[in-house]
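The values are calculated or read from the model by the stated rules, or taken from the named source; none is laboratory data. All values reported here derive from a predicted model rather than from experimental measurement. Glycine gets a Cβ as well: all are built from the backbone with ideal geometry, and neighbour counts include every protein chain shown.
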Amino acid sequence: MAIRSSWCAIVVLSVLPNLAVEGPTTRQWFVTSFVPGCEQFVPRVRSEYTAAGRPTPRDASAPVDVYLRGHEPVRPYQVVGKLELLARSRNTSLENLVDHARRTARGMGGDALLETWPRDAASLEPPRGERGRLYLTASVIRWE
């Protein structure tokens, strides 16, 4: 039922700009709307295990904490692997890139992302992409 409601809402919002709505007077009022586009390009993800053995993947709804570069967790942990993500479009937001990193970390059996560092792909040595595309690196960790 929720999927059907979502589709109906999308159709209605897409059609509204093309409809003229009669107001209480004889003038016509045009209804405008803004429907943000979905991300079309999935980022390129490279993952590598650095620990001996491979932990079992975690459930898709399991939480994955994110620690930005320079912030350390208080709990003891073990580094499981490393991630590199490159946005394939300038429209990819940092939030979307972090979501993809979390999904990959779950698949690697990770509990958190450590040293998460977003940068512009063109500012790296050597450059990893054109200016405006995000590049994110992180370590995948498990709590001990």
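Pairing residues of the stretch 100-123 that are free of Cβ contacts under 8 Å to residues at least 40 places away in the same chain with residues that are among the aromatic types (Phe, Trp, Tyr) and surrounded by 15 or more Cβ atoms within 10 Å (Cβ to Cβ), at Cβ distances under 8 Å and at least 6 apart in sequence or on separate chains, gives Pro118/Tyr135; Arg119/Tyr135; Asp120/Tyr135; Ala121/Tyr135. Only a single item in (1) under 30 Å from Arg131 (Cβ atoms); (2) modelled with pLDDT under 85; (3) of a type in the set (Ser, Thr, Tyr) is not met by Ser5, and it is number (1). For the stretch 124-138, the set of residues classified as more than 17 Å from Asn91 (Cα to Cα) and at pLDDT below 95 consists of Leu124, Glu125, Pro126, Pro127, listed by residue number.
For (1) within 14 Å of Val42 (Cα to Cα); (2) modelled with pLDDT of 95 or more, each residue gets a yes or a no:
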{"position": "Leu86", "(1), (2)": "yes, yes"}
{"position": "Leu94", "(1), (2)": "yes, no"}
{"position": "Arg106", "(1), (2)": "no, yes"}
{"position": "Val140", "(1), (2)": "no, yes"}
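Which of the residues belonging to the stretch 45-79 are among the charged types (D, E, K, R) and surrounded by 10 or more Cβ atoms within 10 Å (Cβ to Cβ)? Residues satisfying the conditions are Arg46, Glu48, Arg54, Arg58, Asp65, Arg69, Arg75. Condition first: assigned to a strand (DSSP E or B) and touching an Asp or Glu at 6+ places or on another chain (Cβ under 9 Å). Now tell me which residues in the stretch 116-144 satisfy that. Selection gives Leu134, Tyr135, Leu136, Thr137, Ala138, Ser139, Val140, Ile141, Arg142, Trp143. The number of residues in the stretch 88-113 that are under 19 Å from Tyr135 (Cβ atoms), part of a loop (DSSP other than H, G, I, E, B) and small (Gly, Ala, Ser) comes to 2.
Given the criteria at pLDDT 95 or above and either touching a Pro at 6+ places or on another chain (Cβ under 9 Å) or over 18 Å from Arg106 (Cα atoms) (or both), does Leu68 qualify? It is true that Leu68 is at pLDDT 95 or above and either touching a Pro at 6+ places or on another chain (Cβ under 9 Å) or over 18 Å from Arg106 (Cα atoms) (or both). As a summary of the residue check, Gly129 satisfies the conditions (1) surrounded by 14 or more Cβ atoms within 10 Å (Cβ to Cβ); (2) under 17 Å from the mean Cα position of the chain (by Cα) except for the one numbered (2). Residues that are part of a loop (DSSP other than H, G, I, E, B) and in contact with a strand residue (DSSP E or B) (Cβ under 6 Å, 6 or more places away or on another chain) were ranked within the stretch 74-87; the one that is farthest from Arg142 (Cα to Cα) is Ala87.
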